[in-house]
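The values are calculated or read from the model by the stated rules, or taken from the named source; none is laboratory data. A quick note: this is a predicted structure, and the numbers were derived from the prediction, not measured. Reconstructed Cβ throughout: ideal geometry from the backbone, glycine too, with neighbour counts over all protein chains shown.
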Amino acid sequence: MSNANNPTAAAGWQTLSRRPLLDRAPWLTVWEEDVLLPSGYRIDGYVLAETRPYAMVFAVTQDGRVPLVRQYKHGPRALALDLPAGYLDHVDEEPLACAQRELAEETGCVGGDWRPLGSFLLDSNRSHACAHLFLATDVIPTQEQHLDPSEQITVELLPMAEVVARARRGEIASLSSMATIFLALDALAHARGRS
């Protein structure tokens, strides 16, 4: 039976108790919960992880190039090629403002026409944190980078076809960058189809 036709399944889980396991706010907070499912089944020790939301942008310059950033990522312990992105500075920051700030800081690109590609849960089993994805067209590389002390970023302005080729060869490893690239390409194709 589909959960869409089962109102009990849509009612959600009931939290019976909640205990903090780790508090490294704002970066990571881990909770353990005992929960009761609508079916009556109980799960003790269900782990949730609260992380920060972030914004990411697929930008296209006026001459058709896409800025990618190459920087060290400590998770895989390697240099990674990604789209420009960054965490929202505070809970009230608008994702678009964050995306515009990060694009300017990391690549020096500003301006352009912006549109949202969507906001997506990073791990719906463990968190409500979202990645807010954007497409920016006709951006202008007019200023220098303004990097945080922890950042060392090299910018690569690549033709769109080269970005797609690198993505397909697995040279862009982050799921959020891959999703943003192909959502942006789809949005651009639909925009061309309407004009």
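One residue stands out among those in the stretch 75-92 that are acidic (Asp, Glu) and at pLDDT below 95: the one that is surrounded by the most Cβ atoms within 10 Å (Cβ to Cβ), which is ASP89. I'm checking my understanding of the structure. Among residues of the stretch 103-140 that are touching a residue at least 40 places away in the same chain (Cβ under 8 Å) and on the phi > 0 side of the Ramachandran plot, which one is nearest to the chain's Cα centre (by Cα)? Among them, the one singled out is GLY118. Of the residues making up the stretch 157-176, one or more are exposed (fewer than 15 other Cβ atoms within 10 Å of the Cβ) and either closer than 23 Å to PRO26 by Cβ or assigned by TED's automatic domain parsing to the domain that holds GLU32 (or both). Being surrounded by fewer than 12 Cβ atoms within 10 Å (Cβ to Cβ) and within 18 Å of the chain's Cα centre (by Cα) is the filter here, so list the residues in the stretch 41-74 that pass it. Result: HIS74, single match.
Looking at the structure I just gave you, is ALA161 in a helix (DSSP H, G or I) and among the small types (Gly, Ala, Ser)? Yes: the conditions hold for ALA161. Taken together, LEU133, LEU183, LEU117, LEU121 contain a single residue that is in contact with a Ser or Thr (Cβ under 6 Å, 6 or more places away or on another chain) and closer than 30 Å to LEU48 by Cα, which is LEU133. Against the list (1) buried (at least 16 other Cβ atoms within 10 Å of the Cβ); (2) within 30 Å of THR29 (Cβ to Cβ), the condition TRP114 fails is (2).
When every residue of the stretch 41-55 is checked against the conditions, at least one turns out to be farther than 24 Å from PHE182 by Cβ and of a type in the set (Gly, Ala, Ser).
Do we find that GLU106 is touching an Asp or Glu at 6+ places or on another chain (Cβ under 8 Å), of a type in the set (D, E, K, R), surrounded by 15 or more Cβ atoms within 10 Å (Cβ to Cβ) and closer than 25 Å to ALA78 by Cα in this structure? Step through it out loud before you land on a result.
Details: touching an Asp or Glu at 6+ places or on another chain (Cβ under 8 Å): yes; of a type in the set (D, E, K, R): yes; surrounded by 15 or more Cβ atoms within 10 Å (Cβ to Cβ): yes; closer than 25 Å to ALA78 by Cα: yes.
Considered against the rule, which asks whether it is touching an Asp or Glu at 6+ places or on another chain (Cβ under 8 Å), of a type in the set (D, E, K, R), surrounded by 15 or more Cβ atoms within 10 Å (Cβ to Cβ) and closer than 25 Å to ALA78 by Cα, GLU106 comes out as yes.
Could you tell me which of the residues ASP138, ASP123 is part of a strand (DSSP E or B) and surrounded by fewer than 17 Cβ atoms within 10 Å (Cβ to Cβ)?
Every option except ASP138 fails the conditions.
The residues listed here are PRO95, PRO84, PRO76; of these, the one that is in contact (Cβ under 8 Å) with a residue 40 or more places away in the chain, more than 15 Å from ARG115 (Cα to Cα) and not aliphatic (A, V, I, L, M) is PRO76.
Condition (residue is in the same structural domain as ALA173 (by TED's automatic domain parsing), part of a strand (DSSP E or B), within 30 Å of GLU33 (Cβ to Cβ) and not acidic (Asp, Glu)) applied to the stretch 107-116: is it met by at least one residue? So far as the stretch 107-116 goes, no, none of its residues is in the same structural domain as ALA173 (by TED's automatic domain parsing), part of a strand (DSSP E or B), within 30 Å of GLU33 (Cβ to Cβ) and not acidic (Asp, Glu).
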